[in-house]
Each structure stands twice: as C-alpha cells, then as structure tokens.
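Step one of this worksheet: look at the structure below.
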Amino acid sequence: MKVNLFNYELPEELIAQRPTEPRDSSRLLMVNPEKKTMIDKHFCDLPEFLESGDILVVNNSKVIPARLFGKKKTGSNIEILLLKRLEQDIWETLVRPGRRFKVGDRVEFSDKLRATCLEIKKDGNRIIQFYYEGTFEEILDELGEMPLPPYIRGELAKEEKDLYQTVYHREGASAAAPTAGLHFTNELLEKIEKKGVTILSVMLNVGLGTFRPVKVENISEHTMHSEYYEIEKEVSDKLNNALASNNKIIAVGTTTIRVLESNFREFGKIKEGSFWTDIFITPGFEFKVVDSLITNFHLPESTLIMLISAFMGHQFTMDVYKEAVRRKYRFFSFGDAMFINKE
C-alpha cells in the first residue's frame, strides 16, 4: 500500500497543546467497525461500555525526563534526547546539533553528569556512555526535561511533568508517553474494577520512532524500530485464561496491542518474560489477542494510523478521521480518544 493512502487534512487548531482537566473529561468517540457507527461520549463514560469479565490491558511504562542540555569542551551548547537504553549506562540518543558531535567527543551536563560519544549509527543516532555520581534516575529527574512531541509548542513546567505521565506508570524508560492511557484517573480505574473488569499491566518502553512519519512511498519497505517490553507471569496466565474463556480483551493504546500481538505471534500464547518487538502492523494483519482498542487520534502517514487501519479497516479508518475533524475532536498526544469496540 502507498503511504499517501494514510494521509488526511488536519487543521492546526485541532492539535491539542494541553490535556483536559480532569483527565477523563476528554471526549471519547465510540466507534463500531461492524455497524459503522460513531457516537460522541466523554472518557468518563467508558465504564458504561465495559462488562464484568472484560480484560483491560494497559502499558505502565514510565516516561523519563529524557531531554538533557549540556556543553561540549568548546563551550557550544548541545541537546541530547535519550531514545533507548542498551546497557546500564549506555544509551542510543538523538543529538542536536549532531553534525559536529563525533566519536570520542564529550559533553558535560553538570558536575554530576558527563557523557562520551561511542558510536554514530547509520541513521545518525549516537551511542553515548554516561558517567555520573549517585543514581542515574535521580539525576535525570533533577536535570532532564520531559520529551514532548514537536507538535506541542512550549514546555511543561517541572511541577507539571506528571501531565505527560499515566496515573498508573510504574517502571521503564519511555521516551514518549503511551498516550491513550493519559485519559485515566484513579477514580475512573476504581469504577472500572467495580464493574468486574480485570485491569492488567504490561510494560513497553515507547520510542520516538513510534510517532515518526513513514518516509518510503510503499509501506512494505518501511523498517520498523524495535522496542523493549516485559510481561509478568501472573499477567500472562490471566491473559491465556481469558483467551481460553473467550473473555473480551481490550488494549489501551497501540503500544499495548503491539506487545500482545507480537508476543502471541512468536510463542502461540502469551509468554512471560522480557523481549524486543519490531512488529509492524498494517492492513491485512490478523489479530489473535485483542478484541477492542482504546486509542488517541494519530499523525498522518504514521505507523500508528496504519495499525488502526489494520484493526478496523482502511477506508472506515479514514472516514472516522475525517468525521473526527468535522466534529472538532482534539488530536495527538494531549488530544481526545476513541474506543474501537468490536462486539
């Protein structure tokens, strides 16, 4: 399929710059691909559409303040964005400006944190080793900034950084938020559990490659980035029982659906452990695990809108996006959500 088949017109004013407050007051478009219906709701209405026995699966990865600002020995400023942890102190990063940051170059962020470039990859990303005193995560919390997507103008203040974090985040090192989960509040999660819905967590470290537009004309030629994920044994057991019992499994976000479908595709069941996935889900993909999906509205020509097209059909997906624009839904990370509810 051609990448331009996943393009759509989006007025700039519909790109959300701030989340709604409270989180669950965002709008929710209820979509049924079989009936071809689209109903306007709010996210706080979600429990109405869930039933006892349903399984809701979330990605509980933590977004780290992955943007660091430092200086080279020459005194020039440099920005480093952490993309992927390769070893304890070695990260794949995006460096700006990058052209003059060579192998062996050093950068200092503070008297507590320094780094050296070890390697330059073909795509221009740098492999960097960090040197520090104390705990790396604590230093990041002190020095780093949240890595907001480029379509969000401005920055979050230090006291606002939790706005780009799910209320159920736990561990991990994501460079971007699993944004479908940003709509949940603790109170809403309690209401969902009271309905008899089981909430399970997996962990996938979200990389920035998730949000980048596909650059090739034919999507079959696109090389998907890889992301690290974990599934605990208790979670895998419950998911396998749900599959055997035909309980509805609802994924919160495209990262969650990638974890579940990738894992099942590799092992023929949900297997506990730590893995990497580079699964690229496009129209024609056969879903084996997930029945319904909660998701935000995604960038044109991104791998995310291609996944949505695989889940509910390409033409209907583009119709839904066109209608969401007409109804003035808010788009992207801080935007509104839709519930693709297959009955």
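The values are calculated or read from the model by the stated rules, or taken from the named source; none is laboratory data. Just so it is clear, the model here is predicted, and its values are computed rather than measured. Note: ideal-geometry Cβ built from the backbone for every residue, glycine included; neighbour counts use all protein chains shown.
Tabulated data for the structure shown
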item: Failed condition for residue 93, given (1) within 30 Å of residue 216 (Cβ to Cβ); (2) of a type in the set (Val, Ile, Thr); (3) touching a residue at least 60 places away in the same chain (Cβ under 8 Å); result: (3)
item: Residue count for segment 223-241, restricted to those that are in contact with an Asp or Glu (Cβ under 9 Å, 6 or more places away or on another chain) and modelled with pLDDT of 95 or more; result: 8
item: Number of the exception - residue 9 against (1) of a type outside the set (Ser, Thr, Tyr); (2) within 19 Å of residue 151 (Cα to Cα); (3) in contact with a Gly (Cβ under 8 Å, 6 or more places away or on another chain); result: (3)
item: Any chance residue 24 is assigned to a strand (DSSP E or B) and either touching a His at 6+ places or on another chain (Cβ under 8 Å) or exposed (fewer than 14 other Cβ atoms within 10 Å of the Cβ) (or both); result: no
item: Matching residues in segment 125-179 - criterion: being of a type in the set (Gly, Ala, Ser) and over 22 Å from residue 338 (Cα atoms); result: 134, 144, 154, 157, 172, 173, 174, 175
item: Selected residue (only one of 293, 304 is within 14 Å of the chain's Cα centre (by Cα), in the same structural domain as residue 167 (by TED's automatic domain parsing) and either under 18 Å from residue 201 (Cβ atoms) or of a type in the set (Asp, Glu) (or both)); result: 293
item: Residue in segment 205-220 that is buried (at least 17 other Cβ atoms within 10 Å of the Cβ), within 22 Å of the chain's Cα centre (by Cα), small (Gly, Ala, Ser) and in a helix (DSSP H, G or I) present; result: yes
item: Set 197, 107, 103: member being over 26 Å from residue 227 (Cα atoms) and not assigned by TED's automatic domain parsing to the domain that holds residue 22; result: 107
item: Selection count where residues are crowded, with 19+ Cβ neighbours inside 10 Å and more than 17 Å from the chain's Cα centre (by Cα), scope segment 265-281; result: 1
item: Options 104, 134; residue that is at positive phi and touching a strand residue (DSSP E or B) at 6+ places or on another chain (Cβ under 7 Å); result: 104
item: Within segment 307-339, considering residues that are over 19 Å from the mean Cα position of the chain (by Cα) and small (Gly, Ala, Ser), the one nearest to residue 184 (Cα to Cα); result: 324
item: Odd one out for residue 153, checked against (1) touching a residue at least 40 places away in the same chain (Cβ under 8 Å); (2) assigned by TED's automatic domain parsing to the domain that holds residue 51; result: (2)
item: Pair list, Cβ under 7 Å, 6 or more apart: segment 171-193 residue part of a helix (DSSP H, G or I), other residue buried (at least 18 other Cβ atoms within 10 Å of the Cβ) and among the charged types (D, E, K, R); result: 182/23; 183/23; 183/24; 188/24
item: Any pair with Cβ under 8 angstrom, 6 or more apart, that starts in segment 113-138 at a residue that is free of Cβ contacts under 8 Å to residues at least 24 places away in the same chain and ends at one that is part of a loop (DSSP other than H, G, I, E, B) and surrounded by fewer than 11 Cβ atoms within 10 Å (Cβ to Cβ); result: 116/104; 117/102; 117/104; 120/102
item: Spans of strands (runs of 3 or more DSSP E) in segment 51-152 with at least 3 residues closer than 27 Å to residue 215 by Cβ and modelled with pLDDT of 90 or more; result: 77-85, 90-96, 113-120, 126-132
item: All strands (runs of 3 or more DSSP E) inside segment 263-343 with 2 or more residues being closer than 20 Å to residue 49 by Cβ and either touching a helix residue (DSSP H, G or I) at 6+ places or on another chain (Cβ under 6 Å) or modelled with pLDDT under 95 (or both); result: 292-296, 337-340
item: Set 214, 167, 259: member being touching a helix residue (DSSP H, G or I) at 6+ places or on another chain (Cβ under 9 Å) and at pLDDT 90 or above; result: 167
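Each row is one residue, and each column tells you yes or no for (1) in a loop (DSSP other than H, G, I, E, B); (2) within 22 Å of residue 307 (Cα to Cα); (3) hydrophobic (A, V, I, L, M, F, W, C); (4) touching a helix residue (DSSP H, G or I) at 6+ places or on another chain (Cβ under 7 Å).
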| residue | (1), (2), (3), (4) |
| --- | --- |
| 4 | no, yes, no, no |
| 8 | yes, yes, no, yes |
| 13 | no, no, no, no |
| 19 | yes, no, no, yes |
| 34 | yes, yes, no, no |
| 40 | no, no, no, no |
| 44 | no, no, yes, yes |
| 48 | no, no, no, no |
